[in-house]
Structures are given as C-alpha cells and as structure tokens.
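Contents: one structure, followed by commentary.
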Amino acid sequence: MRSLPPLSALKVFEAIARTGSVTAAAGELHRTHGAVSRQLRMLQEHAGIALFDKQGNGLRLNAHGAELYALIRPLFDQLETGYEGLLRRARHPGLHVACSATFAMRWLVPHLPDFYRQHPDIRIRLSMTSARELRSEGADLLIAWDLSSTAYSQADLAAAVPLAPVAFGPVHAPGRKGARKPTVRIAHDFTTSAWTQWHRLSGRDLKLTSEITFPHTHLCIEAAVSRLGVALVEQRLVRQELDDAALVAPYGFVTFLEPLMALPAQGRALGSEASVFMDWLRAAL
C-alpha cells in the first residue's frame, strides 16, 4: 500500500504555493475559501508539520513547504502534459511528428504523397515550429539535426535514431556583372553551431564581415535569394533554388558529423507506426 499524502489536499497545496494565495487557489479550483483552507489544514496535520508561515494577511512557504513544492511541481507539470497528450492522441489518432517548419515545407510535405501511397492506413499529424520549441510539442516523434540545445537531455541523445547524413554549404544569389562578392553572413538564431562546424570541416574562411540572423531556415534562404548575404543551408532544403539558378553553391556541400535524427517521445514506447515512418524516412532521405 502506497504511503502518500491525501492527493486532493496535495492539489490544493500546489495551487496555493503556485498562486501565493488561498483566495486565488480557491478561485482556480472552483472551491470556497473555507474548503481550500480545510484541505490545507488536513495536509499539514497528515504531515505533522507546518508548510506555510503567516505573512501579513497572507501565507508564505516555509522551508518545509518550499521543499514539498519543489518535489511536486514537476510531477504536476508532467502529469498535466502527459494527460493532455493522452487525450489529444485519443481524439486525433495517427502519428504526431514535430519538425522545423522549413524541413516540413521544403522536404517532408512534398514527399508525403509517396508515404501515403505505401502506407495508406497511417496518418501523419505535423507540428511545425522553431528549433528552440521542438521538444515542447509533445509529439510521438521529433525530427531534428542540431541536438546541442539544453532542451535535449542525455536520455534524448541516447534514444535518438539516426536517419540520414546532412550536408551543409554556403549559398547566395548569383552575382551580377561587376558586383562584389557578398560579405554578410546569414545565420540561424537557434542553430549557431552550423557555421562553426562548416568552417572547421571545410577549412575555408569566406571573410564575411558582418552578420544578420533569422529564426527560421526558410527566412535565411529567402534572405539569400534577396541578395542580403550568404546563408548556410542543408542541401535538400535549397534543391529547387539551385535547380532554378536562384541560388548558387560555389563551395559545394560538406557532410556534417551529426546526422538528421529521430527522437521518440519521452516516456512512451516507440510504436509500430513510428517505426514504419522512420524506415520510410531513411529510404526517402
């Protein structure tokens, strides 16, 4: 038998600690002030210690209360996120895939008809967002290249499944007759390691004297097409611009050490649909 505090009282305690007020907690929980106060008193009697000190007309967490709050807050956050995900998957069945907006628009969506021809019974639900927010999407599967962000834990890195090598190269608009070479580096706000890696692996220094940044690779590409400077882009994402001669890649593309990866959702088993999708991705990429 589990030795746990009264869970209803624990929910009340979390609300009071988070909002800093019995009145605010009562409003959030749709309970009366008296009912919330009784739940808090029951928890403190069960624990045999006070969790709050009086502060004017309100309450302030004491050392014991702060320790308990630090313990349960991430558990409540995890429970909330997990429950929302469970309901979302039950109401919207299919494989939820998160990836950068640029990868989705420029590679994944144009290739999805092939996937659906091979696997008509599997439906893909996409979340497209910036690199910084990818891990918070709650998807079944996350597709990403740069895993250097603190958003990814050691457990993430251990569970990551390689999909395909990536090759990056500097691209810019074709030069006009008599025009000087571009000197502005176009960088991505959240994958700043790409330029560093390219310099190290290629051994080249393009002598770019200034920098502008954008939050999405798609914007970096458009900036390069618009002659704002030189962007460093994965070759699959600019294939159309290169074929149309809207961009040139005078130094070619260098294969990076880290491949494109698939990260299963934290705490959830990798289902058969995810395995099928990853197999298709490897072949298509």
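We did not get these values from a lab; they are worked out from the coordinates using the rules stated. Values in this document were obtained by computation on a predicted structure and should not be read as measured data. Heads up, the Cβs are rebuilt from the backbone with ideal geometry, glycines too, and the neighbour counts pull from every protein chain shown.
Database remark: amide H of Leu247 closer than 5 angstrom to the amide H of Leu242 (H placed geometrically; neighbours at sequence offset of 5 or more, or on other chains; Pro and chain starts carry no H). Within the shell of other residues whose beta carbon sits under 15 angstrom from the beta carbon of Tyr251, the net charge comes to +3, with Lys and Arg scored +1 and Asp and Glu -1. Using the alpha-carbon positions of the chain, Rg (one decimal) and Dmax (whole number) come out as 25.7, 83 Å.
Entry note: the stretch 1-131 has Rg to Rh equal to 1.22, where both radii use alpha-carbon atoms and Rh is the Kirkwood radius.
Estimated from helical segments only, the mean residue ellipticity of the chain at 222 nm is -13000 deg cm²/dmol, where each DSSP H run of four or more residues counts as -39500 (n - 2.57).
Backbone geometry of the stretch 56-61 corresponds, through the Karplus equation with coefficients 6.51, -1.76 and 1.60 at θ = phi - 60°, to 3J(HN,Hα) couplings of x, 8, x, 10, 9, 4 Hz, x marking Gly and Pro.
Given R0 = 25 Å, the distance between the Cβ atoms of Leu87 and Tyr116 translates into a calculated FRET efficiency of 0.45. Over the stretch 216-285, the fraction of Cα-Cα pairs per 5 Å bin, rounded to whole percents and listed from the shortest bin up, is 3, 12, 19, 17, 14, 13, 10, 7, 4, 0. Taking amide hydrogens as placed 1.01 Å from N in the peptide plane, the amide H of Trp145 sits under 5 Å from those of Met261, each at least 5 positions away in sequence or on another chain. Backbone amide hydrogens, once placed in the peptide plane, bring Arg125 within less than 5 Å of Leu95, His96, Val97, excluding anything fewer than 5 places away on its chain. Using a simple spin-label model with pseudo-atoms 7 Å out from Cα toward Cβ, Ser153 and Ala63 lie 2.9 nm apart. Expressed in units of 2.2 N^0.38 Å, where N is the residue count, the Cα radius of gyration of the stretch 139-271 is 1.16. Looking at the chain alone, DSSP beta bridges between its own residues are antiparallel in about 55 percent of cases.
Counting charges near Ala9 (Lys, Arg +1; Asp, Glu -1) among other residues having Cβ under 13 Å from its Cβ returns a value of +2. Other residues lying with their Cβ under 11 Å from the Cβ of Ile124 contribute a combined charge of 0, Lys and Arg counting +1, Asp and Glu -1.
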